[in-house]
Each structure stands twice: as structure tokens, then as C-alpha cells.
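**Student:** Provided herewith is a single structure, encoded as C-alpha cells, for subsequent inquiry.
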Amino acid sequence: MGEKSEISRQQQKSRETREKIFQAAKRILQKKGYEELSIKNICEEAGVSNGSFYHHFKTKDDLLSYYIEDQPKIDPDLLELPENVAGVKTGIIQVYMNYVKYCRELGVEFMAEYYDTKNQALNADIRTERPYPIVTVQTYVEKAIQAGIVSLNVKIEEFTTDIRMIVIGNVFEWCIKHGEADFEGNMSRSLGKYLDAVLSAAGDA
């Protein structure tokens, strides 16, 4: 029992330190921008050592990605396989509605600074370690294909690339309009149109 509570205390402390580091990065981003977001500045702002930073994150982009990609919690019930193609489309759009909600929580200033072309955390070819939303969606669609619910008329790699680009485009549009775009409406409309074009009921020729 003692050991277990010791572990959970350590996990709690670790979570708190991660959060402290993230909040410091967020303040720097919002006040000074991506250029000023060095690990040295983050550690000073958070009051932690460099060693502590590297214990939790590999790089500053890793820190930002952890928050952008790991945080939106997907309700597992959503990703139980539905009965038909319409249900699959609804499930995928719901994943990204969760993501939109999370972007709003982080704030448009934060997201606008994060969506910097220098930020390699946005490069899917480099970032492979974590189950961010597109991996969730890919697994979901593969399961639906195997279960004979839907068929996909493009390669799965093309599908995930297209979805990623649609999502990035919508986030970017929201950022450059300083939050004035219809984020939810645009995201669900553009994803919906794309999904209508590439997904069909498995029996349909």
C-alpha cells in the first residue's frame, strides 16, 4: 500500500511540474512569441532546472506537442464501431470537434504562436511517437473497414494526410482571423465533405 501511494505521489508531483513548465511556456508565447521560447527562458519563468525540463520533455516543441496532441480526451464510447458509414463519419468529426474545443481552451494567441513553420512538432514525418488525433482516426477507420462497415476509395496514408491538411488549414484560418472564423462550422463542413467523397458503405460498388 505504502509503495503504491508513493508512486502516485511521484506521478502527481511529475504532473504538477509538467503543468508548471507548460504554463511558463504559454506565458512566454503569449507575451513575447515563439522566437523567445527558449528552454533557458522557460526554465527561468517556471523556476525549474534545465535537468528537470529534460526529465519531462525532449525539446520545447515536444513540450508544446504534448499539450496540443495528448490532451483532448476521446470518449472511448465514441470510438466503438457504429453500425453504418454515417456513424463512422460522425465519430471522426467528433474527434476533431474535441480538438477544436481544446484549441479554444488554449486560446488563439497560443495556437497562432504554435502554428509557426519553424515548429517541427507540426511535421508528421518527424513526429511519430504519440497517439495524437489522426492516429486515433486512422485506427478507427481501419477497424471499420475490417468490420465491413465502410470502404475507403483512397489509400489509408493518403486519407490521413488529407485529414491532417484539412485540420491544419482550419486551425490556421482561425488563427489568422484572430478567432473570428466559424471554427466549429468550418471544421465540420470541410471534414464532412471530404469524408463523403472518400468513405462509402462497404457493399456499395
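**Student:** Inside segment 170-187, can you point out the residues that are under 16 Å from the mean Cα position of the chain (by Cα) and open to solvent by 40 Å² or more (accessible area, probe 1.4 Å)?
**Tutor:** Result: Phe172, Glu184.
**Student:** Does Pro82 satisfy the criteria of being at pLDDT below 90, open to solvent by 90 Å² or more (accessible area, probe 1.4 Å) and within 30 Å of Val198 (Cβ to Cβ)?
**Tutor:** Answer is no for this residue.
**Student:** Still on this structure, please answer the following. Among what's in segment 98-109 and is surrounded by 17 or more Cβ atoms within 10 Å (Cβ to Cβ) and under 16 Å from Glu173 (Cβ atoms), pick the residue that is modelled with the highest pLDDT.
**Tutor:** Among those residues, the one meeting the criterion is Val100.
**Student:** Exactly one of these conditions fails for Ile156: (1) more than 18 Å from Tyr115 (Cα to Cα); (2) in contact (Cβ under 8 Å) with a residue 24 or more places away in the chain; (3) among the hydrophobic types (A, V, I, L, M, F, W, C). Give me its number.
**Tutor:** Going through (1) more than 18 Å from Tyr115 (Cα to Cα); (2) in contact (Cβ under 8 Å) with a residue 24 or more places away in the chain; (3) among the hydrophobic types (A, V, I, L, M, F, W, C) one by one, Ile156 breaks only (2).
**Student:** Further, regarding this structure: Considering each residue of segment 11-47, count those that are hydroxyl-bearing (Ser, Thr, Tyr), modelled with pLDDT of 90 or more and either under 16 Å from Phe110 (Cα atoms) or exposed (fewer than 11 other Cβ atoms within 10 Å of the Cβ) (or both), and give that number.
**Tutor:** 1
**Student:** Yes or no: Gly87 at pLDDT 80 or above, out of contact with any Phe, Trp or Tyr (no Cβ under 7 Å at 6 or more places or on another chain) and surrounded by 13 or more Cβ atoms within 10 Å (Cβ to Cβ)? Write out each step before concluding.
**Tutor:** On the way: at pLDDT 80 or above: yes; out of contact with any Phe, Trp or Tyr (no Cβ under 7 Å at 6 or more places or on another chain): yes; surrounded by 13 or more Cβ atoms within 10 Å (Cβ to Cβ): yes.
Taking the combined requirement at face value, the residue satisfies it.
**Student:** Now for a separate question. Among the residues of segment 136-165, how many are modelled with pLDDT under 90, surrounded by 15 or more Cβ atoms within 10 Å (Cβ to Cβ) and of a type in the set (Val, Ile, Thr)?
**Tutor:** 2
The values are calculated or read from the model by the stated rules, or taken from the named source; none is laboratory data. Source: prediction; values computed, not measured. We place every Cβ from the backbone using ideal geometry, glycine too, and count neighbours over all the protein chains shown. The area values use the complete protein model at the heavy-atom level, side chains included, leaving out ligands, DNA and RNA. Shrake-Rupley method; radii C 1.70, N 1.55, O 1.52, S 1.80 Å.
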